1. Which of the residues belonging to segment 171-188 are under 20 Å from Arg234 (Cβ atoms) and either assigned to a strand (DSSP E or B) or touching a His at 6+ places or on another chain (Cβ under 6 Å) (or both)?
2. Would you pick out the residues in segment 155-188 that are in contact with a strand residue (DSSP E or B) (Cβ under 7 Å, 6 or more places away or on another chain) and small (Gly, Ala, Ser)?
3. For the subset of segment 97-110 comprising residues that are among the small types (Gly, Ala, Ser) and farther than 22 Å from Gly327 by Cβ, which member is nearest to the chain's Cα centre (by Cα)?
4. Could you list, in sequence order, the residues of segment 118-150 that are modelled with pLDDT of 80 or more and touching a His at 6+ places or on another chain (Cβ under 6 Å)?
5. Restricting to segment 207-230, name every residue that is acidic (Asp, Glu), in a helix (DSSP H, G or I) and over 22 Å from Val147 (Cα atoms).
6. Could you go through segment 204-211 and let me know if any residue there is more than 23 Å from Pro121 (Cβ to Cβ) and touching a residue at least 12 places away in the same chain (Cβ under 8 Å).
7. Of all residues in segment 189-203 being in contact (Cβ under 8 Å) with a residue 40 or more places away in the chain and part of a helix (DSSP H, G or I), which is surrounded by the most Cβ atoms within 10 Å (Cβ to Cβ)?
8. Does Phe153 qualify as being aromatic (Phe, Trp, Tyr), in a helix (DSSP H, G or I) and either at pLDDT below 90 or over 29 Å from Val364 (Cα atoms) (or both)?
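The values are calculated or read from the model by the stated rules, or taken from the named source; none is laboratory data. Just so you know, these numbers come straight off a predicted model, no measurement behind them. Methodologically, a virtual Cβ is constructed for each residue, glycine included, from the backbone with ideal geometry; neighbour enumeration extends over all protein chains shown.
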Amino acid sequence: MAPASARYFSTGQGVNSFLRQPCRRGARRSALMLPPSSTGCMTLMSVIPLPAYDRLVGARGAAQTDPGRVVGARASGSGTPITSEVGSVKIGISLGVLRPALWAEATREADRLGYESVWMPEHLVVPVAADGSPFAGSDHPPIPSDVPIFDVFAYLGFLAGQTERIHLGTQVYNIGLRHPFIVARAVTTLDVVSGGRVEFGIGASWLQAEWEAVGLDFASRGRRVDEAIEVCRRLWSEPVVEHHGEFFDFAPVMFEPKPSHQPWPPLHIGGDGPAALRRAALVGDGWIPMNHTIEQIPAAAARLAQLREESGRPGTVEITLGAGGVGRDDLRRLADAGVGRALVKPWARGKDAIEAIRRFADEVLPVVRDHPVAPAVRP
C-alpha cells in the first residue's frame, strides 16, 4: 500500500470547501496534501480589479513601498496605481497540493504571466504520532508524517533567483518554534536578496506534537508567538534592541541590514479563533482564516476593523480565503464579501497544473479591464 501521504489529496470545490479523496495507488505525493483554503498551501496570486468592492485592502499607510500590491485602486498595465471606485482582489492558485518537482516551473511561468506572488507551506517536523487537525470536524486526518517539507526561506530564495516580479510568501510559518533572531535574520535575508518581495505569513500552529518534539510548551504558544513577533519587529526597525520578556531575554544587540520593506515585510496572520483575529488586527497586515466560509467573512472583517479602530491602527486587514475552483461571478462575490485574496485551484489533476495556470491567465485575466502586471522589483 502507498504511504499515508500518497493516499490522500485535496480538491477545492467552491468557497473554502474541499473533498478529501483517495488517490490511486502509487500516485506521487504533493508537498502538503491540504486544501486551497488552508494555511499549508502554496499559492500564486495576481491582483485583479473587480466591481462592487470599494474596501481598502492591505493598507499599510502612505509610507509603504510594495509595487506588487494595489491598495484601494486599480493599477494600469505598468503597475502604476490609478484612482478608481473599484477595489481589487488578488487571485491565488494553490500549489501546495502539487509535488515539489513542479514548484519551480510553476513559479517561473506565473512570474512570466504576471501573477503577483507564490506562497509555500511550512512545518519544522511532523512526528509519527500526531493528532488533531487544522480544519473543523473530525473527518480530516493530520498531516502524514512522511510528507516532503522544505526550509521555506532556502527554497524561496532559490525561487527568488529565478524570478523578477513574483512576491514570496510563507503560508504559514510557525514562528513560535524558533528564536526571533533566527526568524528575523531569515526574513531579512530573503527580503533583501529578492528586492523586497517577502509576504510573511505567521501561525501559532495547531500541531501539538510538533511543539512537544521541539521541547516547547504548546499551551503557552500564543504568548510566545506574540513576544516573538514583537522582538522581530523591533529587530527590523530599531538600531539597538534590548529585550527582557517571558520567553526571550537578551542584552542590547544590533541587527543589520534592515529589510527592504519598511518598517518590515507585510505580516499575514493565520487562524480562526479570537486570538488570531486579535493578532491580525493589532500587529498584522493580513488575515488567513482556515475554517471561515464566505458568508462568515463580512462579520469577521467588521470585527477586525473594530479591533483596529480601538487600537488606533489606520487601514484595514487584507483577508485571504480559499476559493477552490471559482469563476468570474464567484470572484466578484468574494470581493463583495471583503476578501482581498482568493486562493483558487483551476486544475483537476496535478499533471495539468502548468497548463491550467496558463489557461487561467488567458481566459480569466484578460476579461477584467486593466489587469495590472506587477512591475519588476530590484534589490
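1. Tyr173
2. Let us first name the residues in segment 155-188 that are in contact with a strand residue (DSSP E or B) (Cβ under 7 Å, 6 or more places away or on another chain), namely 155-156, 159-160, 166-175, 187.
Within segment 155-188, Ala160, Gly169 meet the criteria.
3. Going through segment 97-110, the residues among the small types (Gly, Ala, Ser) turn out to be 101, 104, 106, 110.
Filter again for farther than 22 Å from Gly327 by Cβ, leaving 101, 104.
Details: Ala101: 20, Ala104: 18 Å.
Result: Ala104.
4. Ile149
5. Listed by number, the residues that qualify are Asp226, Glu227, Glu230.
6. Of all residues in segment 204-211, those more than 23 Å from Pro121 (Cβ to Cβ) come to none.
No, segment 204-211 contains no residue that is more than 23 Å from Pro121 (Cβ to Cβ) and touching a residue at least 12 places away in the same chain (Cβ under 8 Å).
7. Step one: filter segment 189-203 for residues in contact (Cβ under 8 Å) with a residue 40 or more places away in the chain, giving 191-203.
Retained after the next criterion (residues that are part of a helix (DSSP H, G or I)): 191-193.
Details: Asp191: 25, Val192: 16, Val193: 15.
Going through the qualifying residues, I end up with Asp191.
8. yes
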